[in-house]
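Structure first, then comments.
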Amino acid sequence: MLALWVLAALQSGPAPDVTARLDRTHVTAGDHLLLTIRARTRSAAPVTLALPALTGFTVVGSREVTEVTLEALGGPVRTTTRELELRAQRPGALVIGPVRVEQGGRRVTTAALTVTVDSAKAGLATAVSPIARRLIDAATPPAAGELGEHVALTVLLPGDTVLVGQQLDVLAVAWFPRELRARLRRAPILTLQTPEGVWSYPGAAPSEVAASRLVRGRWLDLFVAHEAVFPLAPGRIVIPPATVEYAVPASFSFFSSEDRYSLRSDTVPVRVLPLPGAPAAAGDPPAVAQALSLDLRLDPPNGRVGEPIAVTATLSGVGNVALWPEPRIGWPAGFRAYAGETGTRIEARDGRIAGAKTFHYLVMPDSAGSFQLPALRYPYYNLAAGDATAATLAPRPLLVAAGPEPRAPRALPPLERDGGPVWTDELARDLVPWGWLVLLVGPPLLAWLWRRRGGEAPPIRVATVAAAPLSPIGGAERRFHALLASHVPDAEARDGDGLGRALRAAGVESALADHVMRLRDRLRAARYGPRAPGDATQLASELEQVLRVLDGDPARTGRRGRDGHVVAVALLVAALARPAAAQALSAEALYDAGALRAAADSFATRAAAEPRAPAHWYNLGATLYRAGADGKASAAWAIAARLAPRDATVRRARELLPPPDAPSEPLLVVGLATPGEWALVAALLWVVLWSVAAGGRRPVVFVSVAVLTAGVIGLAAREAVRRGRPVAVVVHPATSVRVAPYGSASAAATVEAGAALQVDRSFGGWLEVHRQDGVRGWVLATEVTRL
């Protein structure tokens, strides 16, 4: 037993080395600080980081990176680093609890961290925004009958109407007589609830007196709570009642008890008007902003073939930054663009919500030359001008040099000069359905007529029930819950009250996380409550906008998916599309002349017109192979092998590009014949079987033919099942298989061009894949070709 314990301890390895540190321990309220958690381990077991409750802080951003290094002594070391950018919310001595790390049954806990947060600088002018200050100065004091010796609570608004997407400042003001306020031992608690159908940003809620007013010879001290909201759809919103809670000592003794009071205000309706000139039909609302500017940066400004270019598009201005949609950038032909993470920075500008939204892309050019990025136009509604306008960028040149190591010329695979589908496979397809029915029923019927015995079973009718269409809210709700599951895998945290905290820990900004949590509760009330609160159209519009902020535009990403050979054709044609002037020559002549891109374009067009012709797919693969696109050539030749499995030319071509790894071989293997060809052989044996039965031959002959027929049917079914698996071929070298369906997720594995993966499901523009060797994760649909 002692030896087994020692052996298990040696295999598990030492406990991970965990550190947690802050870049600053003394900040001012509203400042940012960075919390870095690093875990080093030599074990291959997964590492789980459990964050403590970040009371008094808001998670502004997060990043997680895993690195593997090889040491001379000790082998590989895996380092997992998680960085959290925090913003201090309130002054005082704030404590960040211990960080817990678990690996293989071992648990390591770090020490707690203490941060000293000072109060914000200056006086009252910085505690409340200028807009809120103007509302306070213009507020009408409560009437004498409303106040008396007690507290009055009012809700202040700039007006009773607002445009869609325009900032609406909501202010709750509690009026305290000074003699009453002086008796309070602690500041009152003023709460302002967020209305439904809006995007909200919490404002200042100072614990001190925000202003003082002399009303009818009596001083009143004002406590305020401020919130900025942005209506999402036209209609009517209702500002919920604000509440104030305070406790007054029963006597002047320090040890006396306190009488607690609570006061609620009235609800305030607000009419939301549509944007002037906006269409009434449902659709994507335009961005609403003021002084919007657009910037596009490339790093490096000029590129090389096969080397990535980091492109950053930045939108800056005043408005609801979180809901600004992504700009539509037209990339030149031959450029592959991969969307990265989206960053949002919020700031206050003269009391208005402002900031910048940054979109990151990784662009890969595949050909050298001089290109031009088209002009960029971003339409939006300018609230200051009261009209629709657009932020524009002029076209800019882009030079792409040849790669540092050009590929050596490859041998010329011979082309297939005779095109057209395989006649056996086409015959099997043409027999559907009546030909196969005749072959199935005809021989037994003829044998019965010949032998004058037997019977025919009545046909079986199968009733089909059409699926009920999914409602717009239902479909959006499914995408919403799927997106929540991708951000928060823990079902208990996703369904409970800790959803907002889990989203903030995953890197979602605080305002967006709170809005997502409120929207989840509204969806539950709409589905399970006795009455659906609010308008269904307004709820659907709000749900679609939240989906666009969390995961980009689903209407755009939903069009990326295709099935079967249509995906392969569209990918190969779009990846190598060139002007139609090159089609004047035949594809074979272009191939012989070395114009490989134009030849590939022509062969891809033929394959799209006749997808059942193996010669078109083989010729396309030969052209791509000669051009150096090994992944796309492997996909084209895999399709040709499925259409013509016994073609010697196709078999020799596939030997030029064997699978890059052993787990891909069983996914790309093809049988001796197609399922249709096996079905034709089985049909022939079926006819022979009933001919033997009608002729009255010996039973051993009948049994032998029956066994042979059953074996051929089994081969046909096996080949059909094998080809029915959703298999995708990787077309780009060093493709990352990520742990989650977004560009900034960590790479779980890397596969080479030509590798095969089995597809489990699709999500937007991503595919979830797996393989028997343990590779599992998500890849972009544009990085693979589905067979």
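Name the pairs whose Cβ atoms lie under 8 Å apart, with the first residue in segment 759-787 and of a type in the set (K, R), the second in a helix (DSSP H, G or I), and 6 or more positions between them or separate chains?
R771/P663; R771/S664; R771/L667; R786/V567; R786/A568
Does segment 63-114 hold any residues that are open to solvent by 60 Å² or more (accessible area, probe 1.4 Å) and among the aliphatic types (A, V, I, L, M), and which are they?
Of everything in segment 63-114, those that are open to solvent by 60 Å² or more (accessible area, probe 1.4 Å) and among the aliphatic types (A, V, I, L, M) turn out to be V68, L70, A72, L73, A93, V95, A111.
Could you check segment 750-768 and list, in sequence order, the residues that are aliphatic (A, V, I, L, M), open to solvent by less than 20 Å² (accessible area, probe 1.4 Å) and either in contact with a His (Cβ under 8 Å, 6 or more places away or on another chain) or within 23 Å of Y361 (Cβ to Cβ) (or both)?
V751, L757, L767
May I ask you to say which residue of S736, S664 is open to solvent by 30 Å² or more (accessible area, probe 1.4 Å) and on the phi < 0 side of the Ramachandran plot? Before you say what the answer is, go through the steps one by one.
On the way: S664 fails: open to solvent by 30 Å² or more (accessible area, probe 1.4 Å).
One residue alone meets the criteria, S736.
Give the residue, chosen from T140, T161, T194, that is hydroxyl-bearing (S, T, Y) and touching a helix residue (DSSP H, G or I) at 6+ places or on another chain (Cβ under 7 Å).
T194
How many residues are open to solvent by 60 Å² or more (accessible area, probe 1.4 Å), of a type in the set (D, E) and at pLDDT 75 or above if we restrict to segment 440-492?
0
State which residue pairs qualify: first residue of a type in the set (S, T, Y) and inside segment 718-741, second residue part of a helix (DSSP H, G or I) and at pLDDT 80 or above in any location, beta carbons under 6 Å apart, and separation of 6 or more residues or different chains.
T735/E783
Consider V173 carefully, then state whether it is farther than 30 Å from V18 by Cα, at pLDDT 80 or above and out of contact with any helix residue (DSSP H, G or I) (no Cβ under 6 Å at 6 or more places or on another chain).
On the way: farther than 30 Å from V18 by Cα: yes; at pLDDT 80 or above: yes; out of contact with any helix residue (DSSP H, G or I) (no Cβ under 6 Å at 6 or more places or on another chain): yes.
Yes.
Of the residues R612, R606, R697, R642, which is at pLDDT 80 or above, assigned to a loop (DSSP other than H, G, I, E, B), out of contact with any Asp or Glu (no Cβ under 6 Å at 6 or more places or on another chain) and of a type in the set (D, E, K, R)?
R612
For every residue, the table says whether it meets (1) open to solvent by 20 Å² or more (accessible area, probe 1.4 Å); (2) within 13 Å of T194 (Cβ to Cβ); (3) touching a Phe, Trp or Tyr at 6+ places or on another chain (Cβ under 7 Å).
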residue	(1), (2), (3)
A225	no, yes, no
P231	no, yes, no
V238	yes, yes, no
R260	yes, no, no
R264	yes, no, no
V272	no, no, no
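The values are calculated or read from the model by the stated rules, or taken from the named source; none is laboratory data. All values reported here derive from a predicted model rather than from experimental measurement. For neighbour counting, all protein chains shown are included, and Cβ atoms are generated from backbone atoms with ideal geometry for every residue, glycine included. Surface areas here come from the heavy atoms of the whole protein model, side chains and all, with no ligands, DNA or RNA. Shrake-Rupley method; radii C 1.70, N 1.55, O 1.52, S 1.80 Å.
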